[in-house]
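Notes follow the structure.
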Amino acid sequence: MTTSRAEITLMAQIQHPLSRSPRRSYRRDDARGGGRRAGAANRAGPGARRGRRGDGRAGRREGRQPRRAARRRLSLRNLARAREEAFRRVDELRADLAARYRDRDLPPEVLLGFDEFLARHGHRTAAEIDAGVPRWSENPEPVLALAENYARTGSAGHDALQRFRAAADEAEVKAAEIVARQPSPPRARVTAWLLDRVRGLIGMRELPKCCAVLGIAAARKHVRAIGFELAGAGWVSDPDDVFFLNYEELSDVLDGVDHRDLIAARRETRARELRRKHLPRLLLSDGTEPETLLPQQNSANTLRGTSASPGTVTGTARVIHDPAHARLNPGEILVAPSTDPGWTPLFLTAAGLVMEMGGPNSHGATVAREHGIPAVVGVPHATTAIPDHHTITLHASTGTIDL
């Protein structure tokens with residue numbers, strides 16, 4: 001994959017702020033320590049030759065690391081230049097981008113970039129555990145909207161790549177500080193190795209979910225193929241109608257039973273539930289919502305929740321219930337009921353996050369910390385209490401929001 005194409009792959013090619021960038025060694029080593037080791041080796045005489053040979057090999061390995069780091073930095077600079085050029089093109093083509101992509105009326109490098117992104121990540125979407133929800137590969141408009149938002153980040157002073165680089169540099173400094181605080185060289189080496197492993201493997205925490213979503217997407221593809229056959233035969237009105245039937249009912253349709261009225265009723269129920277503004281976090285067996293019985297902690301001008309990512313930010317609130325067609329301008333504060341991986345692209349341009357549900361380890365809180373934006377979660381009725389396009393201030397360190 002060439003870098004110009006990779007740039008259109010958006011989040012897939014942005015380096016994780018906690019990943020190694022570039023790989024560095026956090027050995028406790030200073031001039032005095034190096035001098036003491038050299039002096040001890042000289043005093044040891046011929047018996048220390050094996051140690052010196054070992055030190056030489058270690059030195060050669062250490063000498064190669066700066067050259068690798070330099071090559072990585074050069075690669076990152078080339079990547080950044082390619083990214084800027086690719087997104088400049090997307091910014092120029094922003095008008096009617098979705099329609100032009102469907103008509104294949106875009107420059108070849110942009111088309112190839114989007115095609116490769118969808119080939120690799122097209123099984124993802126918002127609410128992706130639901131097999132009835134269209135995937136990005138079926139409806140790429142959310143990805144195109146992301147590209148439009150991302151194209152605006154640099155010129156608006158909220159460049160996502162710069163934020164990731166700053167977070168990666170900060171992670172390097174913090175890791176070095178942790179190693180330097182260790183009381184002995186053996187503990188420092190163990191700590192450095194553990195930090196290296198954690199940072200290298202932390203991305204695998206998403207692997208089980210990714211594999212599950214791949215399976216759901218494959219199942220959807222096969223079930224939808226049945227839907228196309230039934231729609232072509234006139235037994236259902238739309239191929240996606242099959243997702244409103246269970247297996248027994250689907251078998252009935254194949255036997256000639258007309259379930260179109262049942263499908264219409266279930267579609268209406270789903271549409272009504274999607275319009276629901278508030279989802280209780282907990283319900284008792286008698287239908288009581290315990291949170292309604294608790295004393296109200298919010299005041300007329302202040303909302304309270306749980307601090308999930310520290311910081312303070314003032315910006316325009318954007319209340320979003322569905323990320324599929326959402327537009328979040330750089331510097332705006334995302335206000336949502338909850339988030340899942342399908343919401344992650346919106347974090348590229350968000351200046352802060354407010355969520356009705358979740359805690360410090362929920363998806364939105366974790367991604368907010370990775371992107372270095374303030375976040376307050378567990379704010380009851382946030383999407384109704386905060387007016388859309390209203391200026392608010394997040395004091396995320398204390399978990400409060402000023403309206």
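Tabulated data for the structure shown
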| quantity | calculated |
| --- | --- |
| Taking segment 316-373 and dividing mean pair separation by its residue count, relative contact order in percent (alpha carbons under 8 Å, at least six apart) | 31 |
| Segment 299-402: relative contact order in percent, alpha carbon pairs under 8 Å with at least 6 residues between | 41 |
| Spin-label zone in segment 369-403 - amide nitrogen under 18 Å from a point set 7 Å from the Cα of ASN361 along the C-beta vector | 369-370, 377-378 |
| Debye, to nearest 20: dipole size of segment 299-402, +1 on Lys, Arg Cβ, -1 on Asp, Glu Cβ | 120 |
| Exposure proxy order (Cβ contacts within 10 Å, fewest to most) of ILE129, ILE320 | ILE129, ILE320 |
| ASP255 paired with ALA99, simple spin-label distance in nm, labels 7 Å along Cα-to-beta-carbon | 4.8 |
| Inter-probe distance in nm under a simple model that places probes 7 Å from Cα toward Cβ, at ARG205 and ALA271 | 4.0 |
| Three-way shape call for segment 222-280 based on the alpha-carbon gyration tensor, with the a/c threshold at 1.5 | prolate |
| Segment 299-402: C-alpha gyration tensor shape, a/c 1.5 cut-off, then a/b vs b/c | rounded |
| Ascending count of other beta-carbon atoms within 10 Å, so fewest first, for HIS381, HIS363 | HIS381, HIS363 |
| Antiparallel DSSP beta bridges within segment 299-402, percent to nearest 5 | 60 |
| Spin-label model distance (nm) - TRP193 vs ALA180, 7 Å beyond Cα toward Cβ | 2.4 |
| Residues ILE226, ILE401 arranged by fewest to most Cβ contacts within 10 Å | ILE226, ILE401 |
| Peptides 141-147, 336-342 ordered by average Cβ neighbours within 10 Å, highest first | 141-147, 336-342 |
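Laboratory data are not the source of any read-out in this text; all were calculated from the coordinates shown. Owing to the predicted nature of the structure, the values given are computational and were not obtained by experimental measurement. All Cβ positions, glycine included, derive from the backbone under ideal geometry; neighbour counts span all protein chains shown.
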